[in-house]
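These notes are about the structure you will find just below.
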2 protein chains.
Amino acid sequence: MSTHASYHHGNLPRTIISAALDVIAESGPSALSLRDLARRAGVSHAAPAHHFGDRAGLLTAVAVQGFGFLADALAEAQRQSGDFLEVGVAYVGFAVGHPAHFAVMFRPELYRADDPELIAAKARAGESLYRGAAPFGASESGPDSQEAALAAWSLVHGFATLWLSGNLPAGLPADPRQAARGVASVLFSGRG
Amino acid sequence: MSTHASYHHGNLPRTIISAALDVIAESGPSALSLRDLARRAGVSHAAPAHHFGDRAGLLTAVAVQGFGFLADALAEAQRQSGDFLEVGVAYVGFAVGHPAHFAVMFRPELYRADDPELIAAKARAGESLYRGAAPFGASESGPDSQEAALAAWSLVHGFATLWLSGNLPAGLPADPRQAARGVASVLFSGRG
DNA sequence: GAGTAATCTAGTCAGTGTCAAGATTCACCC
DNA sequence: GGGTGAATCTTGACACTGACTAGATTACTC
């Protein structure tokens, strides 16, 4: 019942998203072509549009999935270690482990930022992030806690972005999580 | 001798780049169309290709210009204040002041990363950045200085990225430089 | 089994990047 | 000043893209 070689594909949306993630991870979102994805899935050029509406619709689905994964990863790190440093490391780990999702999620011009599902997924990820950074902020004496949380977020986000775009210098640990732990501990050390 | 309404435009490359910056700042690099730029400049659709080769060539020129501006901005902040916190603030100031350049510079897949001019401009910016971050790294006791410099870079880069993409929460200072100063001081405070 | 909704195909349109060939103008040298 | 070569721009063409419409096919439900 799975592989009809017939009219109905069976699981087109999932197949299209999966192929899209491959393309994005390899060549970035701008290299994405709905017709190419249709070709890979063995369907007609207009089939993807039926499920996602248009390009932005497809990327919205990717972003929703990404924010969901991110929320899970952060919550899991928070649950396992209780350490906000490890939540930051998990943020970088998600970015490197899901580069295609990450490449879309923080470019609202690529998708429908007002999509209800997207807003919900983003809020869930934000909550996980805030929960992970809260103890760090709370331990700050001088600056307020929001600034501390933003500093932590900025640091891990910046590190992940620079790592993924290949802009970091050589000589870092090959494992991005380990490299991130070293860099993030500069901010986190001696606190909390 | 400036405004012939004739065959030769006079200063097409500069005009094209300027128009490109407008479009990118408003709708991102993926919205860039060579034909649209040609239309805005009042020339034929293939004229831009003569100067830049192709799309990637145009974006390479934008990136080169951007890295040059960034190097200047960082060196100027370093010269004026001698404070690495202000160099970090200048990094964010550049990103917010030149959003179109910034949107291209750290996406190597958009341009020719092996272009000699680009490599030179990028190296110059890297040197300015390193010079600005060096005292911060040197003042670190525990972690090595490279990690400290990377932490500083990651923080300001991440903050700038999140600010530009509209992903930061409300309630921050309206002036991004001031907001950046607050956030960056979490990392920089009590050091150097 | 019939009727309806979901899924996919086929055809079309305007728009795009890129290439090749030709027209026009500029800059330089005699 | 006139002529030559290089630089600049135009015109035309090709394959490709996203988006839209209408219609064919299949699955679902009663």
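The values are calculated or read from the model by the stated rules, or taken from the named source; none is laboratory data. Just so you know, these numbers come straight off a predicted model, no measurement behind them. Counting neighbours? That spans all protein chains shown, and the Cβs are built from the backbone with ideal geometry, glycine included. SASA here: full protein model, heavy atoms, side chains in, ligands and nucleic acids out. Shrake-Rupley method; radii C 1.70, N 1.55, O 1.52, S 1.80 Å.
Observations, loosely collected:
- One residue stands out among those in the stretch B:162-192 that are touching a residue at least 40 places away in the same chain (Cβ under 8 Å), open to solvent by less than 50 Å² (accessible area, probe 1.4 Å) and in contact with a Phe, Trp or Tyr (Cβ under 7 Å, 6 or more places away or on another chain): the one that is farthest from the other protein chains (Cβ to nearest Cβ), which is B:176.
- Flag: residue A:142 matches the condition of being open to solvent by 60 Å² or more (accessible area, probe 1.4 Å), within 7 Å of another protein chain (Cβ to nearest Cβ) and at pLDDT below 90.
- Given (1) open to solvent by less than 50 Å² (accessible area, probe 1.4 Å); (2) more than 19 Å from residue B:179 (Cα to Cα); (3) facing another protein chain (nearest Cβ under 9 Å), number of the condition residue A:150 does not satisfy: (2)
- For residue A:133, the conditions (1) modelled with pLDDT of 95 or more; (2) more than 26 Å from residue B:106 (Cα to Cα) all hold with the exception of (1).
- Qualifying residue in the stretch A:163-171 (condition: at pLDDT 90 or above, closer than 25 Å to residue A:61 by Cβ and in a helix (DSSP H, G or I)): yes
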